[in-house]
Amino acid sequence: MNSNINLFTPVQLGPYTLPNRIVMAPMTRLRAIASIPNSLMATYYAQRASAGLVVTECTMVSPLSLGYINCPGIYSEEQVAGWQLTTNAVHEQGGRIFLQLWHSGRVSHSALIGGELPVAPSAIAGVGSLHTPIGKVSLETPRALETQEISEIVEQFGKGAENALAAGFDGIELHGAFGYLIDQFLQDSSNQRTDEYGGSIEKRSRFLLEVVEAVASVWGANRVGIKLSPSNTFYGMHDSNPQETFSYVIKALNPFGLAYLHLMEPNEVDLATREVMNPVTPYFRQIFQGTLITNGGYDRPTGDSILASSNADLVSFGKLFLANPDLPKRLELNAHLNTPEPKTFYAPDATGYTDYPFLELQTT
C-alpha cells in the first residue's frame with residue numbers, strides 16, 4: 001500500500017509528466033461527418049483537457065475497418081486535417097491526447113462498407129446487431145482474411161500511426177479490446193485459423209504483436225499504449241483460457257517498453273453473461289512490468305484505493321467524463337456530478353456532447 005498516491009498525484013507516462021492520474025477513456029461518440037473529424041469534436045475534447053491524458057474514440061485505419069456510422073478515420077489527408085482541429089484545441093488547454101487506432105473486423109456489415117463482406121481471422125459471425133444505412137441488422141458472417149492480406153492490415157495500422165503523428169497527437173492507443181479485429185485474432189472463439197496466425201497462443205498473438213511493432217517503429221514504444229479486455233463478452237467474444245492467453249500476450253508486450261497497458265474490468269453485462277475473470281487488473285499487474293491503466297466503473301474512493309494498493313498507476317473514466325467535462329476538478333472537490341444521458345450518447349449534434357455544464361456554471 002502507498003497511501004501517498006491518489007488520483008491527483010502527478011505521474012510519468014512515457015516521455016510525459018501528467019499532472020494527475022485521471023484518464024479520459026476512449027468512448028465512441030459518432031459525431032464525425034463522412035468519417036472526417038470536425039470542430040464540434042475539437043470542442044468536446046478540449047473541454048476535457050484537464051485529464052492527465054485524453055484518449056480519443058476508436059478511429060478507423062481504413063475504409064473497410066468501419067463498424068459504426070459517423071466514426072472518424074485517420075487514413076486520408078482530410079481526416080488528418082480534421083483531427084488537427086482537436087489536437088490544437090487540446091494543446092491550447094494544456095492537455096495531452098492519444099489517438100485510438102482501430103479496425104472493427106467482423107463487427108461491421110456489408111451495408112456499411114460498400115457491399116463488401118467484413119473481414120476477420122475466421123468466417124465466424126459475431127453476436128449482436130449494428131445500425132447501418134439500411135437499418136438495424138444482425139452481424140453477418142465475415143470473410144476470413146487470406147494470409148497475405150494480414151500484412152496489409154498491419155501496414156494500415158502503421159500508416160494510421162504516421163497520420164496520427166502528422167495530426168499532432170501525443171501518442172496512440174491500439175484498440176485490442178471489445179471483440180474488434182485485434183481481439184478477434186487473439187481469442188480462440190473467433191480465431192480458428194490453421195496458418196501462422198491461428199492455433200497456438202503464440203500464433204494467435206502474432207497479429208497483435210506485429211501491429212505493436214509497426215506502430216512503435218513510427219512513434220517509439222514509449223508513446224504507444226494498448227487496450228485489452230480479458231473478461232469482455234461483447235459480440236459473443238470468449239476464450240477457452242483467458243488467464244493463459246492474456247498472460248502470454250502481456251509477457252510478450254513487456255520487452256517493448258510501451259507507454260502503458262489499459263485493462264478493462266468486466267461490466268455488469270459481462271458478469272451476467274457467463275463466468276469471467278473478476279477482477280482483472282490485480283491479476284495482470286503481477287505480469288506487466290510497465291505503467292498500467294485500469295477502467296471499470298471507478299469513482300474517487302475506488303480510484304484512490306486501487307492506486308494506493310499499487311495495482312494500477314492511472315484510472316480511466318468513461319461515462320463520468322462524458323457528462324462532466326471538468327471531472328478532475330469535481331472529483332478533487334467532491335462536488336456534484338452531472339448524470340450521463342444514454343439517449344444522447346450517439347446523437348448527431350452537440351446535444352449530450354458539448355452541452356454538459358461546467359461546475360462554475362452550476363455554482364454561480
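The values are calculated or read from the model by the stated rules, or taken from the named source; none is laboratory data. Bear in mind that the values here come from a model prediction, so they are computed numbers and not experimental data. Ideal geometry is used to build each Cβ from the backbone, glycine not excepted, and the neighbour counts take in all protein chains shown. The area values use the complete protein model at the heavy-atom level, side chains included, leaving out ligands, DNA and RNA. Shrake-Rupley method; radii C 1.70, N 1.55, O 1.52, S 1.80 Å.
State whether the residues of the stretch 74-84 include one that is within 17 Å of the chain's Cα centre (by Cα), over 30 Å from P357 (Cβ atoms) and either open to solvent by 20 Å² or more (accessible area, probe 1.4 Å) or among the hydroxyl-bearing types (S, T, Y) (or both). No, the stretch 74-84 has no match at all. Just a yes or no: is a residue in the stretch 38-57 over 21 Å from Y356 (Cβ atoms) and either assigned to a strand (DSSP E or B) or touching a strand residue (DSSP E or B) at 6+ places or on another chain (Cβ under 6 Å) (or both)? Looking for residues that are over 21 Å from Y356 (Cβ atoms) and either assigned to a strand (DSSP E or B) or touching a strand residue (DSSP E or B) at 6+ places or on another chain (Cβ under 6 Å) (or both), one finds none in the stretch 38-57, hence no. Among the residues of the stretch 134-148, those that are open to solvent by less than 50 Å² (accessible area, probe 1.4 Å) and among the aliphatic types (A, V, I, L, M) comprise V137, L139, A144, L145.
Among the residues of the stretch 307-327, is there at least one that is over 21 Å from Q187 (Cβ atoms), without any contact (Cβ under 8 Å) to a residue 12 or more places away in the chain and either open to solvent by 50 Å² or more (accessible area, probe 1.4 Å) or within 20 Å of the chain's Cα centre (by Cα) (or both)? Checked the stretch 307-327: no residue is over 21 Å from Q187 (Cβ atoms), without any contact (Cβ under 8 Å) to a residue 12 or more places away in the chain and either open to solvent by 50 Å² or more (accessible area, probe 1.4 Å) or within 20 Å of the chain's Cα centre (by Cα) (or both). Here are E196, E116: which of them is over 22 Å from N70 (Cβ atoms), open to solvent by 10 Å² or more (accessible area, probe 1.4 Å) and not in a helix (DSSP H, G or I)? Step by step, each of E196, E116 is checked, and only E196 is over 22 Å from N70 (Cβ atoms), open to solvent by 10 Å² or more (accessible area, probe 1.4 Å) and not in a helix (DSSP H, G or I).
The residues in the stretch 254-269 that are assigned to a helix (DSSP H, G or I) and crowded, with 22+ Cβ neighbours inside 10 Å can be counted, and the count is 0. Within the stretch 154-193, the only residue that satisfies the criterion of being open to solvent by 10 Å² or more (accessible area, probe 1.4 Å), part of a helix (DSSP H, G or I) and under 12 Å from W102 (Cβ atoms) is Q156. Here Q289 meets each of (1) without any contact (Cβ under 8 Å) to a residue 40 or more places away in the chain; (2) more than 15 Å from F234 (Cα to Cα); (3) assigned to a loop (DSSP other than H, G, I, E, B); (4) open to solvent by less than 40 Å² (accessible area, probe 1.4 Å) with one exception, condition (4). For first residues located in the stretch 199-226 and in contact (Cβ under 8 Å) with a residue 60 or more places away in the chain, partners that are open to solvent by 30 Å² or more (accessible area, probe 1.4 Å) and in a helix (DSSP H, G or I) and lie 6+ apart or on another chain with Cβ distances below 6 Å form the pairs V218/E162. Regarding V55, is this residue touching a His at 6+ places or on another chain (Cβ under 7 Å) and either open to solvent by 30 Å² or more (accessible area, probe 1.4 Å) or not hydroxyl-bearing (S, T, Y) (or both)? The answer is no for V55. Contact map, the stretch 124-143: first residue farther than 13 Å from S104 by Cβ and in a loop (DSSP other than H, G, I, E, B), second residue open to solvent by 30 Å² or more (accessible area, probe 1.4 Å) and of a type in the set (F, W, Y), Cβ cut-off under 6 Å, separation 6 or more or different chains; pairs are V127/Y235.
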